[in-house]
Amino acid sequence: MAEEDLRLLTPLDELILYQWHTRTAEDYFCRTCGILPFRRPRHRTAEEAAAGAPPFSGWSVNVRCLEGVDLEAIPVKKVLGSRLP
């Protein structure tokens, strides 16, 4: 979701910010219930930028936090992941 398309009903400073290992992604948690409603994904690495990966400046939103969304109507593609050599 693009930065300008996210309208917050709770100010960011009223949420808990957590940053994992590289501290480049920003995970915001509700102080009351602990849910992760949205996050700002990590920045590109130097290798990703050099390979031409476009920058990402938006938000990743937990669809379970949106009103009026029928979770059963959202198609899900299950994957097993990749195996490392």
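Only the coordinates and a few stated rules stand behind these numbers; no lab work does. All values reported here derive from a predicted model rather than from experimental measurement. With ideal geometry, Cβ positions are generated from the backbone for all residues, glycine too; neighbour counts draw on all protein chains shown.
Filter region 20-53 for residues that are of a type in the set (A, V, I, L, M) and in contact with a strand residue (DSSP E or B) (Cβ under 8 Å, 6 or more places away or on another chain) and give the result.
Going through region 20-53, the residues of a type in the set (A, V, I, L, M) turn out to be 25, 35-36, 46, 49-51, 53.
Hits for region 20-53 are ALA25, ILE35, LEU36.
How many residues does region 38-63 contain that are touching a residue at least 24 places away in the same chain (Cβ under 8 Å) and touching a Leu at 6+ places or on another chain (Cβ under 8 Å)?
So the answer is 5.
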